[in-house]
Amino acid sequence: MQQQSPWLWAIDEYGGRAEAMCVPQLGEEMYTFRRRRSALRYYVKAVCTIVGVLLAQSGAVGAQPQAEQPCNTKLDGHVVDVSTHEPIGGATILVDGKPVALSEGDGRFVLSNLCWREVEVTANRADYEAKSQLVAVGQSRSLELLLRPRLSETIVIRGLDTGIPRMSSATVLDGEALEATRGASFSDALARIPGVAQLRSASGTAKPIVRGQLGRRLLLLVDSIAHRSQEWGLDHAPEVDPFVADKLTVVRGASGVRYGPGAIGGAVVASPPKLLTSPGLTTETHLMGYVARGAGFASRVQVAPKSLPGFAYQVQGTAKRLAAASAPDYALHNTGSFESNLGGTMGYRVGDAEYTLSYRHYQATLGVCACLSIETSDDFAAGLARRRPVGSEHFEANLAIERAKQSISHEQAVARGRWSRTAWGNVSATYAFQFDNRSEFAVVRDAQGPQFDFRLTSHDADVVLEHKPLHLSNHWHLRGSVGAVGLAQIHSYQGLPLIPDYQAAGGGLFAIERFIGHDMEFEAGVRLDVLHRNASIVRSDFLRLIRSGQLDADACDGGDGDQVDCASTFTTFSASVGGLYQFSKPWSVKLELATAARPPNPDEQYL
């Protein structure tokens, strides 16, 4: 009778490394070849058979066919939603009915010190149906459990953090850190974020600087809408009240694929608070006092009526009044300010659809200090040499705001719809209207109106599809989005010769795909934008622009009249590609290559 060997052969090729070993006989079905290597296969089988027979005959192996099982195997697992493939955190993991672990926020769990045998792994959470799966420990080293939501109620969590950092370098200011900035200006609040600086003017206004980029190269988004304003001047601070947001995010580096051609140096994203999803009432009120003689007030009320399921709204308002500031030796005359903001949002949720309407109004009057009068370079040098400005003995730090001053108002209205779990994925459509009016008053004899009056009307629209996650294998998914954007603008100007009236229209297409693994991720994106701008320029200004090389005469209709029509079309391309590998929870390494371009701003083209 042929001696039966109590040992079996096994070859495991895991992670690109082949392992050949003799293992106790636990059932041949547990051991399979990931790739067939015939020579190695038969060699290991022959050696294991001979060694097993010799050991059995010498008594080294007793009559028991089952040898002691090694219990040093690790199993990596992942828990995700069966339809959306979103990671599920907080699920209880059971092995053979005994709870041993909880899935983390990214859905991941690790089971250690498992014996080489078949076990039943179960994932269970209250709002999902339990899922069990038999796993042959030693053969499988990764596992994905797909949970199905219970039919009673489905809770959709938007913007769930997968636990793996995204490609772009981003810093968030929220929670208590953001609360500490209440009462500060938008730029002052952002300056709390490491790496963000400010550029201040003599009037006290400030603009944020990220990696040396500001103004035209740093895109500002409020409620996911690009802020359309006259941002090119040094005194043109962002017309945004930081109280509208409960989270400020600074994205560093070229981000044109995500946010458009204006994000050469990065983007600043102001995200307003979410509407209540369950019946209730919340209020938030701040009273601020300033050492430089001033006071401020900010309040927000959020309501979700119990009598109207799915409906919610919020109202917010702020007001701030400051007297003129002071230097150590004298007052900075006429640097007082008054700012106010009023806004509201209402939304309605029904099934997998969500609709929101919002409106925000910002108003500000800012005094400009006439501490330094500059007409020639000698005036500038002489002013720096003085210890005090001329006439500083008459300066007062009071509440009055006189000429020179700025008067700014900004309106934003947004309509948005989101449809989840459609046949293609999640779809969102947005329309935004903005009107920006900036009036600048200089010190003149006949003080009847502003010397510079800018009025910019903007219409933005976009449609974005986040396609259904494609399940490629355990721990590997393909996520992505495609979208189309559109823009229309009308600019009218009155005052001293500076910038002509113009109209602009443009659009863009983009696509971003993310290949997400267990602890690595790859991302690639492309975007193409086209902008057409047409300006009506006074002939004398047109001739000066031709001489300076800012305009090409062939692109303009010279004609014989006093006005010259100039049309320009700009095509810009943005792209990015990157990869990330996460060694452990706090340690990861990533590399991103990105390129972005932007068309010239009207001031660069026509000023």
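The values are calculated or read from the model by the stated rules, or taken from the named source; none is laboratory data. Everything numeric in this text was worked out from a predicted model, so none of it was measured. FYI the Cβ positions are ideal-geometry reconstructions off the backbone, even for glycines, and counts take in every protein chain you see. We work out accessible area using only protein heavy atoms, side chains counted, and drop any ligands, DNA or RNA first. Shrake-Rupley method; radii C 1.70, N 1.55, O 1.52, S 1.80 Å.
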Note on segment 542-559: residues hydrophobic (A, V, I, L, M, F, W, C), free of Cβ contacts under 8 Å to residues at least 60 places away in the same chain and part of a helix (DSSP H, G or I) are 542, 543, 546, 553, 555
Those residues of segment 341-373 which are under 15 Å from residue 399 (Cβ atoms) and surrounded by fewer than 19 Cβ atoms within 10 Å (Cβ to Cβ) amount to 365
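Every residue, every condition in (1) among the polar types (S, T, N, Q); (2) part of a loop (DSSP other than H, G, I, E, B); (3) open to solvent by 70 Å² or more (accessible area, probe 1.4 Å); (4) modelled with pLDDT under 85, yes or no:
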| residue | (1), (2), (3), (4) |
| --- | --- |
| 43 | no, no, yes, yes |
| 50 | no, no, yes, yes |
| 65 | no, yes, yes, yes |
| 71 | no, yes, no, yes |
| 79 | no, no, no, no |
| 116 | no, yes, no, yes |
Which of the residues that make up segment 310-319 are closer than 19 Å to residue 276 by Cα and either polar (S, T, N, Q) or open to solvent by 40 Å² or more (accessible area, probe 1.4 Å) (or both)?
311, 313, 314, 315, 316
Against the condition open to solvent by 30 Å² or more (accessible area, probe 1.4 Å), more than 30 Å from residue 575 (Cα to Cα), small (Gly, Ala, Ser) and modelled with pLDDT of 90 or more, how does residue 307 come out, does it pass?
yes
Does residue 557 count as touching an Asp or Glu at 6+ places or on another chain (Cβ under 7 Å), open to solvent by 80 Å² or more (accessible area, probe 1.4 Å) and farther than 27 Å from residue 481 by Cα?
yes
Let me confirm something: among 455, 479, which residue is within 20 Å of residue 82 (Cβ to Cβ) and not aromatic (Phe, Trp, Tyr)?
479
Just give me the residues in segment 429-461 being hydroxyl-bearing (Ser, Thr, Tyr) and at pLDDT 95 or above, in sequence order.
430, 431, 457, 458
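Here is a yes/no grid of residues against (1) of a type in the set (Ser, Thr, Tyr); (2) within 20 Å of residue 219 (Cα to Cα):
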residue: 491; (1), (2): no, yes
residue: 497; (1), (2): no, no
residue: 517; (1), (2): no, no
residue: 553; (1), (2): no, no
residue: 563; (1), (2): no, no
residue: 568; (1), (2): yes, no
residue: 578; (1), (2): no, no
residue: 592; (1), (2): no, yes
Restricting segment 492-523 to residues that are touching a helix residue (DSSP H, G or I) at 6+ places or on another chain (Cβ under 7 Å) and part of a strand (DSSP E or B), which is farthest from residue 455 (Cα to Cα)?
512
Enumeration of residues in segment 320-340 that are of a type outside the set (Gly, Ala, Ser) and either buried (at least 17 other Cβ atoms within 10 Å of the Cβ) or assigned to a strand (DSSP E or B) (or both):
320, 321, 322, 330, 332, 333, 334, 335, 338, 339
Subset of segment 252-280 that is modelled with pLDDT under 85 and in a strand (DSSP E or B) - its residue that is most open to solvent (accessible area, probe 1.4 Å)
252
Candidate set from segment 448-464 (those that are among the hydrophobic types (A, V, I, L, M, F, W, C) and surrounded by fewer than 17 Cβ atoms within 10 Å (Cβ to Cβ)); member that is farthest from residue 223 (Cα to Cα)
463
Pick from segment 509-524, criterion modelled with pLDDT of 85 or more and of a type in the set (Gly, Ala, Ser), ranking: surrounded by the most Cβ atoms within 10 Å (Cβ to Cβ)
524
Which is open to solvent by less than 30 Å² (accessible area, probe 1.4 Å) and either of a type in the set (Asp, Glu) or without any contact (Cβ under 8 Å) to a residue 12 or more places away in the chain (or both), of 391, 417, 425?
391
Considering only segment 375-384, I want to know if a residue exists there that is in contact (Cβ under 8 Å) with a residue 24 or more places away in the chain, closer than 27 Å to residue 336 by Cβ and open to solvent by less than 40 Å² (accessible area, probe 1.4 Å).
no
Which residue is farthest from residue 510 (Cα to Cα), if the candidates are limited to segment 583-607 and must be in a helix (DSSP H, G or I) and open to solvent by less than 30 Å² (accessible area, probe 1.4 Å)?
606
Residue 537 versus (1) assigned to a strand (DSSP E or B); (2) more than 30 Å from residue 484 (Cβ to Cβ); (3) in contact with a helix residue (DSSP H, G or I) (Cβ under 6 Å, 6 or more places away or on another chain): which is the lone unmet condition?
(3)
Can you spot a residue in segment 399-408 that is part of a strand (DSSP E or B), open to solvent by 30 Å² or more (accessible area, probe 1.4 Å), among the hydroxyl-bearing types (Ser, Thr, Tyr) and closer than 18 Å to residue 461 by Cα?
no
Given the conditions (1) farther than 22 Å from residue 182 by Cβ; (2) free of Cβ contacts under 8 Å to residues at least 60 places away in the same chain, which single one is not true for residue 282?
(1)
Across segment 290-302, which residue is modelled with the lowest pLDDT among those that are among the aliphatic types (A, V, I, L, M) and either surrounded by fewer than 18 Cβ atoms within 10 Å (Cβ to Cβ) or over 29 Å from residue 185 (Cβ atoms) (or both)?
292
Please indicate, with yes or no, whether at least one residue in segment 418-430 is within 30 Å of residue 327 (Cβ to Cβ), assigned to a loop (DSSP other than H, G, I, E, B), of a type outside the set (Lys, Arg) and out of contact with any Lys or Arg (no Cβ under 7 Å at 6 or more places or on another chain).
no
Taking into account only those residues within segment 560-582 that are touching a residue at least 40 places away in the same chain (Cβ under 8 Å) and open to solvent by 70 Å² or more (accessible area, probe 1.4 Å), which is farthest from the chain's Cα centre (by Cα)?
571
For residue 230, only one of the following conditions fails: (1) surrounded by fewer than 22 Cβ atoms within 10 Å (Cβ to Cβ); (2) over 13 Å from residue 185 (Cα atoms). What is its number?
(1)
On the given criteria, is residue 527 open to solvent by less than 50 Å² (accessible area, probe 1.4 Å) and under 30 Å from residue 584 (Cβ atoms)?
no
Among (1) polar (S, T, N, Q); (2) surrounded by fewer than 17 Cβ atoms within 10 Å (Cβ to Cβ); (3) modelled with pLDDT of 80 or more - the single one residue 124 does not satisfy:
(2)
